[in-house]
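The values are calculated or read from the model by the stated rules, or taken from the named source; none is laboratory data. From a predicted model like this one, the values you see are computed outputs, not experimental measurements. With ideal geometry, Cβ positions are generated from the backbone for all residues, glycine too; neighbour counts draw on all protein chains shown. Just the protein is used for accessible areas: all its heavy atoms, side chains included, with ligands, DNA and RNA removed. Shrake-Rupley method; radii C 1.70, N 1.55, O 1.52, S 1.80 Å.
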Amino acid sequence: MDVIFGRNKKEQLEPVRAQVTGRIPSWLQGTLLRNGPGMHTVGETRYNHWFDGLALLHSFTIRDGEVYYRSKYLRSDTYNANTKANRIVVSEFGTMAHPDPCKNIFSKAFSYLSHTIPDFTDNCLINIMKCGEDFYATTETNYIRKINPQTLETLEKVDYRNYVAVNLATSHPHYDAAGNVLNMGTSIMDKGKTKYVIFKIPATVPEDAKGKNPLKHTEVFGSITSRSLLSPSYYHSFGVTENYIVFLEQPFKLDVLKMSTAYIRGVNWASCLAFHREDQTYIHIVDQRTGKPVPTQFYTDPVVVFHHVNAYEEDGCLVFDVIAYEDGSLYQLFHLANLNQDFEENSRLTSVPTLRRFAVPLDVDKNAEVGSNVVKLASTTARALKEKDDRVYCQPELLYEGLELPRINYAHNGKPYRYVFAAEVHWSPIPTKILKYDVLTKSSLKWGQEHCWPAEPLFVPMPGAKDEDDGIILSAIVSTSPQKLPFLLVLDAKSFTELARATIDAEVHLDLHGLFIPDADGDAREQAPSQEQPDRVPDCQVAPRT
Ligand SMILES: CC1=C(/C=C/C(C)=C/C=C/C(C)=C/C=O)C(C)(C)CCC1
Ligand SMILES: [Fe+2]
């Protein structure tokens, strides 16, 4: 297991041509760009958690049936400082570094409570965001790093705080039909308030003397006050529909006071996160048109959700699907000490991730009887029970057990949809198969092979697609067997059968998330919908040399 998790991966700076077997559809032209942790030790020092690893960007460029692979570490300030010192000097989620160059902030920490938020890492290892014509590597702190999607070079370090008052922001932004970015972040103790802030970064902006910078035009269009000033909820993603935002204020919380003293106590950020099983999960629905939350207080049982799958409006209700856990044990399991040879025994999730469908009425009938179900949808058994004082208790419908890293055909984001593509995850947090789940027929199709560990399956629609599943699935597969080289798997999304695989004679790491950048303009609305690339860097038009 160390092969996959613990060992540092070598970067592949020169594009290497893959050995393709089968046939890659000729319409599939573009770059699959992904992110994830690749370096787990620096000098003699070792990170504690898999989510601490230094960001390794990699790309699979598909052109005329050929695939070219390359990878490069994100040259974050964190990477550079660690490399220079030849040890870990910047703290990450599960590792507190001593001394941390960011520690100077702590001298201020005790003079004003509002200064207790430490400076965080710019090791943006989780996802890639398209913002206007720019691409950024993202994590959950206030920093994002601009990158060149073709060469994988690291560009500017951007501090969200220069544009919007957030200390943390999700690495799972949404995109509307015009390509504008919608994201959420947490503003901790700003002017005496802790809030969850919803903001929009426009896709197209006027050019100024320094060129185009969509971030300068960031606009806050709504916020939700945190139930607690000093312990905001942790969240990894949120949902959107055509008119609403869905936000779960879950009882998995960051303890800000613990965070402010973590450095002097020598404990990591992860230890400042706790699941409160006695608490509830609040469901906030914000109207995008007014920026105002729907006044009814919706809540459900304590759950931990990392990934929202999709959300949509149906007959006066808002329906949303999430992958939910009964506790926060997922983060526990990714401690590198658990990801060793005895992995199968050490790493049993105490709660299986399940796909759950919630339905909340957008307008609750004031006269509805206490105890009655105010959701009247034929399409789901999810219920919402009216209580006293305008409260509504939501009971989800359990759709599927054992899946994570969900993706959909993004053209259906915020709209009714049928298919979830995901990795199969049961009691072990590491996926062994990928699956297609049909929320309508509740049936599934799977792909898996011995010793193969698939990454998040990403859907790319085919030109002129009619059905939701007209397209292909891309997933990078790494292997625990030294005899088996990694490969990019290409599946037909309809039948879930293999169309091709591109075997790569280089190290490939198990990653987290990413996106597909189609080469040509087109109707492919994958993740970032407006994929016109007016000023692509020149080398992207030609196949990379091997
Ligand atoms: C550094 C840092 C953080 C980093 C969190 C990370 C890196 C989370 C990764 C989550 C993933 C990959 C989830 C997958 O489902 C916090 C806790 C936000 C705040 C404190 C500083
Ligand atoms: Fe994620």
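Select from segment 124-145 the residues that are away from ligand 2 (no atom under 15 Å from the Cβ) and either at pLDDT below 95 or within 21 Å of residue 519 (Cβ to Cβ) (or both) and list them in ascending order.
The answer is 130, 131, 132, 133, 134, 135, 136.
Say whether the condition of being more than 16 Å from ligand 2 (Cβ to nearest atom) and without any contact (Cβ under 8 Å) to a residue 60 or more places away in the chain is met by at least one residue in segment 239-250.
yes
Hey, does segment 293-304 have a residue that's open to solvent by less than 30 Å² (accessible area, probe 1.4 Å), within 22 Å of residue 127 (Cα to Cα) and either more than 16 Å from ligand 1 (Cβ to nearest atom) or under 18 Å from the mean Cα position of the chain (by Cα) (or both)?
yes
Could you check, for segment 312-334, whether at least one of its residues is of a type in the set (D, E, K, R), open to solvent by 30 Å² or more (accessible area, probe 1.4 Å) and modelled with pLDDT under 95?
Yes, the conditions are met somewhere in segment 312-334.
Looking at (1) modelled with pLDDT under 95; (2) of a type in the set (A, V, I, L, M); (3) surrounded by fewer than 21 Cβ atoms within 10 Å (Cβ to Cβ); (4) within 30 Å of residue 413 (Cα to Cα), which is the one condition that is false for residue 188?
Condition not satisfied by residue 188: (3).
Sort out for me the strands (runs of 3 or more DSSP E) sitting completely within segment 432-546 that have 2 or more residues that are in contact with a Gly (Cβ under 9 Å, 6 or more places away or on another chain), modelled with pLDDT of 95 or more and within 16 Å of ligand 1 (Cβ to nearest atom).
The strands (runs of 3 or more DSSP E) meeting that bar are 513-518.
If I filter segment 207-260 down to residues being modelled with pLDDT of 95 or more and assigned to a helix (DSSP H, G or I), which single residue comes out as most open to solvent (accessible area, probe 1.4 Å)?
Result: 216.
Restricting to segment 418-447, count the residues that are open to solvent by 20 Å² or more (accessible area, probe 1.4 Å) and over 14 Å from residue 492 (Cα atoms).
Of the residues in segment 418-447, 11 are open to solvent by 20 Å² or more (accessible area, probe 1.4 Å) and over 14 Å from residue 492 (Cα atoms).
Tell me, which residue of segment 166-185 that is in contact (Cβ under 8 Å) with a residue 60 or more places away in the chain and not aliphatic (A, V, I, L, M) is surrounded by the fewest Cβ atoms within 10 Å (Cβ to Cβ)?
176
Return the total of residues in segment 380-413 being under 22 Å from the mean Cα position of the chain (by Cα), away from ligand 2 (no atom under 16 Å from the Cβ) and assigned to a loop (DSSP other than H, G, I, E, B).
Of the residues in segment 380-413, 2 are under 22 Å from the mean Cα position of the chain (by Cα), away from ligand 2 (no atom under 16 Å from the Cβ) and assigned to a loop (DSSP other than H, G, I, E, B).
For segment 152-165, state whether one or more residues are within 14 Å of ligand 1 (Cβ to nearest atom), outside any loop (DSSP other than H, G, I, E, B) and buried (at least 21 other Cβ atoms within 10 Å of the Cβ).
Yes, segment 152-165 contains at least one residue that is within 14 Å of ligand 1 (Cβ to nearest atom), outside any loop (DSSP other than H, G, I, E, B) and buried (at least 21 other Cβ atoms within 10 Å of the Cβ).
Go through segment 367-410 and count every residue that is touching a residue at least 60 places away in the same chain (Cβ under 8 Å) and either surrounded by 14 or more Cβ atoms within 10 Å (Cβ to Cβ) or in contact with a Gly (Cβ under 6 Å, 6 or more places away or on another chain) (or both).
Selection size over segment 367-410: 19.
Return the residue satisfying two criteria in turn: it lies in segment 266-279 and is within 15 Å of ligand 1 (Cβ to nearest atom) and without any contact (Cβ under 8 Å) to a residue 60 or more places away in the chain, and of such residues it is farthest from residue 120 (Cα to Cα).
If we take residues in segment 266-279 being within 15 Å of ligand 1 (Cβ to nearest atom) and without any contact (Cβ under 8 Å) to a residue 60 or more places away in the chain, then 275 is farthest from residue 120 (Cα to Cα).
Can you tell me which residue within segment 1-19, out of those that are open to solvent by 50 Å² or more (accessible area, probe 1.4 Å) and among the aliphatic types (A, V, I, L, M), is modelled with the highest pLDDT?
13
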